[in-house]
Structure formats: C-alpha cells, structure tokens
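Novice: This structure is in structure tokens; I'll ask about it shortly.
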Amino acid sequence: MKKYFALITILALAASVAYGAAPKTKAKPAVKAKTTVKAVTKKPAVKPVSVTPGKFKDVPEDHWAASSVYDLVKLGITKGYPDGTFRGSKPITRYETAIFLSKLAKALEASDVKADITALKSDIAALKKGAGAMSVAGSVDSSWMFGNLLGEKGSIRGAVASYRLKLSAAKELGQGANFKVNLDTMDYGFMDDGQTATGGILATELLDIESNLKLNLATIGLENPIDLKLTYGCGPKEHAADPAGPIPSEIGVTYIRPKPVILASTKLLGADVSGGYVAADISRAGRVLNGQITGTLGYAFEGVPVLNTLKLEATGDYISTGMFSSANRDMRATVALSAPLGEKVEATGTWGLGGSKRETWMVAGQVK
C-alpha cells in the first residue's frame, strides 16, 4: 500500500537535495485560490470540491509522507486528482512514472545536472592522474642447490632448498610526491650465518623504503623547487660463510640494497646543487657505524672555444665514525670535467683526492 508514497518520498528527497532545501515538519499552502474543476468531455461535469488550498483530503499533515507529497506539489510535479485526493495507495503505472520523472527533471533543470556530472567526472580524472592507486608487484625465486658433489674427501656434501621473496608496493601522491616500500628476503630463506635467527630482522634487514617530495619555496625567494629524496634500507649485504658449508659458491655473493639517505637537490643560479647525509655503514640493529655528509655542485659552461660546451662537477664528502665524530674522520673530494667531441662521443676526466699528499690523489680519464 505504501509503494506510491515511497516513490513520492524518494522523488521529493532528490528535489530537496538539488535545491538545498531542509526537511520540513509542516508544509505551507502553495495555492491561495480555491480549485474549481470543469468537465472536459461529454460526461457529467465534476462538481467543484471544497478543499483547503494546497492540501489533499487523503494526505493529512501527520501522514508519514505528507512533507514529501507537498514538496512535489510546490515544484509542479503533481497536482493530484480533480476530486481533491492524492490516492497514495493506488498502484502507479509506467506512464505515470514517466510523467513524474519528466517533470522532476525539468524542475531540477536537467541540463545543469549534466554539466555538474561532467565537471565531477573531470575532477575525478584529475585526482586519478595526480594520485594513482597503490601498485603492488612481486616475485618468488626458488631453487635446489647441490654442493661439493665432486669435492675432496672430507668435504661436506649436501643440498639446500632456497627461495627469495621480493615484494614492492608503490603509490603516486601527486605533485611530484611518491613513496615505495620493498621487501627482500635475500638469502634468509635458506641460510643461517649464526649471527641472527634464520629469517632476518624485518624492520632493519628485510624492508627498505623510498620516498620523493617536491618542495616549493618560492615564498622565500627560491625560483626552482627542491627535490627531496629519503630512503631507508640495510645497505649492500654480503653472504657470509655458511657454518654447515655445503654451498661454498654462495660465499661473497652481495645483495644490493639501498642505504639510509637524505638528499636534497635543486637548480640555483643555473647550477645543479645537491647535498645530504648518507649512513655509509649500519649494524644489524640499525645503528649508524659510519656517516657521510656529501655535497655536489655542477655547472655547464657554454660557448667554450673548441669544445663549445664544458661540464664541471665538484663533489665533497666528510666521513666520520658514527653519525658525526671528530675522532675518526676523513675528507674526500672529486672534480670531474666532461665535454662532447661529437654527436656520440664524449671525453671525461676526473681528479680525486683524500688528503694533502699526492700519494692519495687519483686521476682518471676516458673517451666514450
């Protein structure tokens, strides 16, 4: 019995949302004049009915759908029947539904709704482009290794079932910002070097994190943004001697992993400038054993005689025990020059020094 009233309620709510109307507890009269209905066919004329302006005889104010019904009346979507009734319990046909929806669309200015939907789709597309969904990729490498099968007498022969699990989850955050989390079990799937439990320490050995940010500091006078890179990882890990000793060929195999790094780079007065801190060596517990402060300045000189273009890059490093220490420290510097000799040929030269003595200097050059 409530199907008709339920449809009216839904339509009225949609109209209220579109017009920003707040829910009402009591409907006000929408028509001031009394309604007079005349016959339009040869049937006996319908006598005028005395009805309160804007009210239906069968929809009292305390009816659960009264507010919604009278909202549609005010919008011109329905007028009820000539006898002053709404007949909310009467089944509704598809024709009547079509008329209701057509009038509702006109009342809500459907063309504006379409424009809003188009604009909303554009906004969603922009958001997807700026900040995509997180992507996850991974692989599992598994194998059987047989060791010392042809070894001398007394060699430990055996087989090892190994696996290496690698997972990576990355997400673009928009405006040049992103982050990536990597999981790499390396040799912990089959090897116990006696220094830690087989399986490794998740936080300090198996996981590494990479992130990039773009900082806009135009308010303080920097024309170009600063690219900030932060990484955390265990650094390169070398496979140690297995106490069981069946696979000696694995000794010395190195797994390349990122080190903890904070690096900022930008373009200043035409030069490429970068600097930051690198944890050159860390313990299994994540403690920094050796720290490195590094800085690089690069500039391209144009219009150089003969060479036309000459690129200069100077790098300086300060290395110390722990994060910052004056007890055990070292300073290094390199100066590199490069110049194109043609479309596909380039000459480079590098001078490096680690102290004041010439024995510590290094000079290298190549043409490629």
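The values are calculated or read from the model by the stated rules, or taken from the named source; none is laboratory data. Predicted, not measured: the structure shown is a model, and the values here were computed from it. Reconstructed Cβ throughout: ideal geometry from the backbone, glycine too, with neighbour counts over all protein chains shown.
Novice: Which residues, counting only those in region 62-79, are more than 14 Å from K103 (Cα to Cα) and assigned to a loop (DSSP other than H, G, I, E, B)?
Specialist: D62, H63, W64, A65
Novice: Right, next: If you check every pair at least six apart or on different chains, which have Cβ atoms under 8 Å apart with a residue in region 207-221 that is on the phi > 0 side of the Ramachandran plot and touching a residue at least 40 places away in the same chain (Cβ under 8 Å) first and a residue that is in a strand (DSSP E or B) and of a type in the set (D, E, K, R) second?
Specialist: none
Novice: Name the residues in region 271-307 that are of a type in the set (F, W, Y) and over 30 Å from the mean Cα position of the chain (by Cα), would you?
Specialist: Hits for region 271-307 are Y299, F301.
Novice: Still on this structure: Which residue, of V304, V288, is more than 23 Å from L230 (Cβ to Cβ), at pLDDT below 90 and hydrophobic (A, V, I, L, M, F, W, C)?
Specialist: Just one listed residue meets the conditions, V304.
Novice: Also, quick follow-up: Could you grab the pairs with beta carbons closer than 6 Å, sequence gap of 6+ or different chains, first residue in region 46-71 and more than 16 Å from S89 (Cβ to Cβ), second one modelled with pLDDT of 85 or more?
Specialist: Within 6 Å, the pairs are V46/P82; V49/D83; V49/G84; V51/G84.
Novice: While we're on this one: Give the residue, chosen from Y255, Y277, that is modelled with pLDDT of 90 or more and of a type outside the set (A, V, I, L, M, F, W, C).
Specialist: Y277
Novice: For region 245-264, which positions are among the hydrophobic types (A, V, I, L, M, F, W, C) and closer than 29 Å to R287 by Cβ?
Specialist: If the condition is that a residue be among the hydrophobic types (A, V, I, L, M, F, W, C) and closer than 29 Å to R287 by Cβ, then I251, V253, I256, V261, I262, L263, A264 are the ones that fit.
Novice: Can you name every residue in region 144-182 that is of a type in the set (F, W, Y) and either farther than 30 Å from Y232 by Cβ or touching a residue at least 40 places away in the same chain (Cβ under 8 Å) (or both)?
Specialist: W144, F146
Novice: Let me ask you something else. For region 208-226: of the residues being part of a strand (DSSP E or B) and not basic (K, R), which is modelled with the lowest pLDDT?
Specialist: The residue in question is L215.
Novice: If only one of K357, K344, K311, K368 is among the charged types (D, E, K, R), in contact with an Asp or Glu (Cβ under 7 Å, 6 or more places away or on another chain) and either free of Cβ contacts under 8 Å to residues at least 60 places away in the same chain or more than 21 Å from S274 (Cβ to Cβ) (or both), which one is it?
Specialist: The match here is K368.
Novice: I'd like the full set of residues that are surrounded by fewer than 18 Cβ atoms within 10 Å (Cβ to Cβ), hydrophobic (A, V, I, L, M, F, W, C), in contact with a helix residue (DSSP H, G or I) (Cβ under 9 Å, 6 or more places away or on another chain) and at pLDDT 75 or above, limited to region 227-247.
Specialist: none
Novice: Limited to region 131-157, what total is found for residues that are surrounded by 13 or more Cβ atoms within 10 Å (Cβ to Cβ) and at positive phi?
Specialist: Summing the residues that are surrounded by 13 or more Cβ atoms within 10 Å (Cβ to Cβ) and at positive phi in region 131-157 gives 1.
Novice: All but one of (1) under 39 Å from the mean Cα position of the chain (by Cα); (2) closer than 23 Å to S265 by Cα hold for L310; state the number of the condition that does not hold.
Specialist: With respect to (1) under 39 Å from the mean Cα position of the chain (by Cα); (2) closer than 23 Å to S265 by Cα, L310 is out only on (1).
Rundown of residues vs (1) modelled with pLDDT under 85; (2) on the phi > 0 side of the Ramachandran plot; (3) out of contact with any Leu (no Cβ under 8 Å at 6 or more places or on another chain), yes/no style:
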| residue | (1), (2), (3) |
| --- | --- |
| A314 | no, no, no |
| Y318 | no, no, yes |
| G322 | yes, yes, no |
| R329 | yes, no, yes |
| A336 | no, no, no |
| K344 | yes, no, yes |
| G349 | no, no, no |
